[in-house]
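Take a look at the structure set out below.
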Amino acid sequence: MADLIEGRWQDEGISSPMEDMTSDSSRKYLNETFARLHPRDRLAFLARNVSGPVVFTTSFGLEDQALTHLIADAGIDCRFATLDTGRLFAETHAVWAETEQRYGIRVEAFHPRSGALDALVHQQGINGFYHSTEARHACCAVRKVEPLGRALNGAAVWLTGLRADQSGNRQGFEFVSLDAGRDLLKVNPLLDWSRDQVAELVRDAEVPYNALHDKGFLSIGCAPCTRAVAPGEPERAGRWWWEQDQTRECGLHVTPDGRLVRVEKAA
């Protein structure tokens, strides 16, 4: 679990007494502070005040590329990780390589465990996830959720590129929440940014981005589970589009019982 550095908040000369990071008041203070800062400054504030290993899980989408740039620009000490499911687009691997070269980083890959993947394919076939929501969840569990657990092993802070306006499901998220199941802080520095703001940063800073974005792919995951979206469609309409449930998620941001991870507002 993350701890406060030297037991006090450091915010341009303003400090507040140490609180346990699991307390509502500590997270409330972090969220209130983040609300008035630029994402780059949110990262810097986090680095000044919270100790412990920081892991950023990237899927090389537009938001994650912007956040990679901000992390590098702010000089944040963190480990970069990605979930290489075995079904990614070639364009995703291309921007992965370009990103490592541009920022002089290494993005650690976490793959599905071979035994679990062999059993999954034997049971449901190579594309069995199309047959039912339960089969798709099983595929995501093997290819993404279990590897995520290994990627975050030992982390105190988990950085993500989530934005609140990506879908109605994510509007209940906060900048900083406690992931009790993984015993870490989950931090979303771009939460209140629009896609246009992210795209502007990527354009102005000449950040490498996935070529599929220019072909109508707004949210990019595994190749069999992602399509381009039509004008006016929601941003994540191209993910698991054959399912009728509008709360579609892969399991990375839901609880073990399948509920969306929403945080309780501090009193």
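Using amide H atoms built 1.01 Å from N in the peptide plane, name the residues 5+ places from residue 184, or on other chains, whose amide H lies under 5 Å from its own.
Sorted by chain and number, the residues that satisfy this are 179.
Near the amide H of residue 79, under 5 Å away, which other amide H atoms are found, from residues 5 or more places off or on another chain, if H is placed in the peptide plane?
When sequence neighbours closer than 5 places are left aside, the close amide H contacts are 54, 55, 56.
Which of the trypsin sites (Lys or Arg not before Pro) found in region 31-77 are loop residues per DSSP with 16 or fewer other Cβ atoms within 10 Å of their Cβ?
36
Give me 114, 23 sorted ascending by neighbouring Cβ count inside 10 Å, so fewest comes first.
Arranged by neighbour count, lowest to highest, 114, 23 become 114, 23.
Order by neighbour count: 71, 105, fewest other Cβ atoms within 10 Å first, most last.
Result, fewest neighbours first: 105, 71.
Where a number appears in this text, it was derived from the coordinates with a stated rule and is not lab data. Bear in mind that the values here come from a model prediction, so they are computed numbers and not experimental data. We place every Cβ from the backbone using ideal geometry, glycine too, and count neighbours over all the protein chains shown.
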